[in-house]
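Following: one structure in structure tokens, then a few remarks.
The values are calculated or read from the model by the stated rules, or taken from the named source; none is laboratory data. The model shown is predicted, which means the values in this text are computed figures rather than measured ones. Every residue, glycine as well, gets a Cβ built from its backbone with ideal geometry; the counts of neighbours run over all protein chains shown.
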Amino acid sequence: MLPSSNLILQSVLDGVFLGFLYSLMALGLSLVFGVMGIINFAHGDFIMLGSYLVWILANSLRSDPSLMSVITVPLFFTIGAAIYVAIIRPVLGKEPLIQIAVTVGVGYVLQNLALMMFRAEPRAVQISYLNFYVNLGLVSVHTAKLTSALLSLFIVLGVHYLLTKTWVGLAIRATAYDKEIASLMGINVGKIFLLVFGLGISLTGLAASLWMTFGQADPYIGSSFGLLTWVIIALGGLGGVSGLLASSIIVGVIQSLTMTLVSPSVSLAIPYIVFIIVLWFRPQGLFGKG
Amino acid sequence: MRNALLELINVEAGYGVFRVLHDVSLRVDKGEIVALVGPNGAGKTTTLKTIVGLTNLFKGEIMFEGSRINDVPTYNRIKKGLALVPEGRGIFAPLTVLENLYLGAYHEEARQKLSDSLEMVFTIFPKLKERKNQIAGTLSGGESQMLAIGRALMSRPKILLLDEPSLGLAPKIVSELFQIFKGLNEEWKVTLLLVEQHVKNSLEISHRAYVMESGKIVLEGESSALVNDERLRKAYLII
């Protein structure tokens, strides 16, 4: 039996909303890699950690998870800055293998911590003000997904504005291009790195708050989000905000259609396979410059 | 004796554990053009990098306006009034010409003079004004050198360090560039320390010069005297 066109349309719409949230998840990873050249393999696990934190906070404060970003964003900025100073800064300029080992290690520590504290059961918040569908005839709009998509888009564009229209953004782009020349401009490169890493991690805290308005926390979502965000960045080609948004939406839609038409259990595998196939034809990504 | 604006005293410096400079001492006074010449690999670039703090300093003193700056990080040396136009120009290729110039004026004091500085740079290099919204990576060699110099001027430096500015440029543009250096010094009162391969041109526009070989200063003096120095004439075929 063929699935109805309504079902497909619904799935695409949910995928688009999910895609916008993915763009927010990928943004921090992209910034850290683009500016510092560090591949943060723990990026997804910070989203996982954030999701648990939001679960605890929202349930104990009996409030909506999205409001928990007021706590998670500054807290995660601080955690990110501390991790930069304690763990990342000492390995800057070292062999890539050492850098990989360090961030993979952070990821595993976070994952083990979550397994120990929360075990492997998925957890969802009790109160989410927007966790319902509004029927529009052809499709229904899930208000929490819509809200998270709009907020994600707003933040992605906000960071784009920061990067292109402010002094600190100019300094970040200069540092990304050449940190020695940047220092010759009077830019404190160490401070820019601290800021970028802190910002990258604080964005995972925000993404986690939005994710928990309709999603669940379990110790393994970190690995899924880690892989998905990498696929998004590789597809999008580093740098541009339009490439990031487009590839996020593509991944979101593919994943959503896979869940609807194939099976939720392969919802990670299919986007990944599509990614590999794309790389055969366009090694620079869909939107990267050849 | 006049007060030195910049002074290196018995400097030993290099990269990692490798020493490139051995006991280098040199001085630049306010208002001077000083040339630093010598063959490839003599340590000229390392000398300039050491002045702005991009090498390992093993021994010696770097004095700027009478105070020791050995331990001042690079970004703060820029704030104090040093500016380096690096070898190869170091243009931020993906950014626009204007963004490159803004970056030159990144530190607070320079930012306050931003519009004045822009006007100054556009007066000296009218080409940059025409191309201000262009991506810097698309400029020609001569234009990107002008951008690199203009960007360094945006920081309102007390001394401008120039590393092989004429490298890879057509002869006509090279002589234009030397006229610009002269003009910067005479009209805009910029002090210059110039590292160059064009020995004759450099000696003609500079007040004093140092000759470097194998990480050491081997000769120094008034440029007008050095132009006629037999050793130098032989070594660099100045005719």
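Descriptive notes on the structure:
- Annotation note: Cβ proximity below 6 Å between a residue of segment A:181-198 that is facing chain B (nearest Cβ under 10 Å) and closer than 16 Å to B:THR74 by Cα and a residue that is basic (Lys, Arg) and assigned to a helix (DSSP H, G or I) (sequence gap 6+ or interchain) occurs for A:GLY186/B:LYS79; A:VAL189/A:LYS179.
- From the options A:GLY158, A:GLY186, residue that is modelled with pLDDT of 95 or more and outside any helix (DSSP H, G or I): A:GLY186
- Under the condition of being modelled with pLDDT under 80 and on the phi > 0 side of the Ramachandran plot, the residues counted in segment B:217-237 number 1.
- Residue tally, condition more than 13 Å from A:ILE232 (Cβ to Cβ) and either touching a Cys at 6+ places or on another chain (Cβ under 8 Å) or part of a helix (DSSP H, G or I) (or both), over segment A:256-288: 18
- Residue match in segment B:165-175 (condition: surrounded by 15 or more Cβ atoms within 10 Å (Cβ to Cβ), away from every other protein chain (no Cβ under 14 Å), hydrophobic (A, V, I, L, M, F, W, C) and over 26 Å from B:GLY38 (Cα atoms)): no
- Hits in segment B:189-204 (condition: closer than 19 Å to B:LEU167 by Cβ and at pLDDT 95 or above): B:LEU192, B:LEU193, B:LEU194, B:VAL195
- Condition check for A:THR147: in a helix (DSSP H, G or I), surrounded by fewer than 17 Cβ atoms within 10 Å (Cβ to Cβ), out of contact with any helix residue (DSSP H, G or I) (no Cβ under 6 Å at 6 or more places or on another chain) and not hydrophobic (A, V, I, L, M, F, W, C): no
- Meets criteria (buried (at least 16 other Cβ atoms within 10 Å of the Cβ), in contact (Cβ under 8 Å) with a residue 12 or more places away in the chain, under 19 Å from A:LEU29 (Cβ atoms) and more than 14 Å from every other protein chain (Cβ to nearest Cβ)) for A:VAL139: no
- For the condition of a type in the set (Phe, Trp, Tyr) and away from chain B (no Cβ under 14 Å), A:TYR161 qualifies.
- Residue in segment B:74-88 that is touching a residue at least 40 places away in the same chain (Cβ under 8 Å), within 14 Å of another protein chain (Cβ to nearest Cβ) and over 20 Å from A:ASN188 (Cα atoms) present: yes
- Residue within segment A:85-101 that is assigned to a helix (DSSP H, G or I), within 19 Å of the chain's Cα centre (by Cα) and charged (D, E, K, R) present: no
- Matching strands (runs of 3 or more DSSP E) fully within segment B:1-119 where at least 3 residues are over 14 Å from the mean Cα position of the chain (by Cα) and among the hydrophobic types (A, V, I, L, M, F, W, C): B:4-15, B:18-29, B:56-64
- When B:LEU226, B:LEU219 are checked against the criterion of being buried (at least 20 other Cβ atoms within 10 Å of the Cβ) and either touching a strand residue (DSSP E or B) at 6+ places or on another chain (Cβ under 6 Å) or touching a residue at least 40 places away in the same chain (Cβ under 8 Å) (or both), B:LEU226 stands alone in meeting it.
- Qualifying residue in segment A:164-173 (condition: in the same structural domain as A:SER63 (by TED's automatic domain parsing) and in contact with a Phe, Trp or Tyr (Cβ under 7 Å, 6 or more places away or on another chain)): no
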